[in-house]
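Engineer: Once you've had a glance at the structure underneath, I'll fire off some questions.
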């Protein structure tokens, strides 16, 4: 019930934000005022709660155990990744994803060990937002979601309307167990990003701009499997296509 309520609230926010998006100084970020405020909120929550817990987790839990936890949750995602590869017209990669899940769930002991990668079955990263993008659905405005962070209107809708159906954790009937698993996944994922986050903080004069650029570039690369087409020249005349 709580999940559905949260999804409806966030979807309503996306609709409102998408509807009020207007052209501004940055066409990729017409909601920059709201986004910066939400970025500061999320950063505050992270620094006060999530990051300290993740830091403690990384210090206390041995590396081999953390790798096993990461592999376990990564393995759970391979079925949904495979389905999206098939939906994108890439059945070969989809079959590879299903094979990864089968091998790692058995030989890899419930996914704790990534045996499939050593067998030549590469890990992919697909979701329904990428599937929509693959078939030409535009990303819409960039938007920072509460707690969840960077997204776009397309990816936000995809996440709450479709992607959660492909998350096995939501089918765990025991609510306390499900919440514990979700919590461990969040903490483990944040722990894996501690070093990268530290480098970003040191390198970026404006962390918000850095995060926005990194997210949009990464999503574009994912949609085109690392080979995106050349972006149109923003200096071209919209009528003739010739540079101004």
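Derivation of every value follows stated rules applied to the coordinates shown; laboratory data play no part. Predicted, not measured: the structure shown is a model, and the values here were computed from it. Ideal geometry is used to build each Cβ from the backbone, glycine not excepted, and the neighbour counts take in all protein chains shown.
Engineer: Each label point is 7 Å from the Cα along the Cα-to-Cβ direction; what then is the distance between the points at residue 135 and residue 49, in nm?
Structural biologist: 3.7 nm
Engineer: For the pair residue 201 and residue 28, how long in nm is the line joining their label points, each one 7 Å along Cα→Cβ?
Structural biologist: It works out to 2.4 nm between the two label points.
Engineer: Subtracting the Cα-Cα distance from 0.36 nm times the residue separation, let me have the gained length for residue 36 to residue 167 in nm, one decimal.
Structural biologist: On the way: separation 131, 0.36 × 131 = 47.16 nm, distance 2.92 nm.
My answer for the length gained is 44.2 nm.
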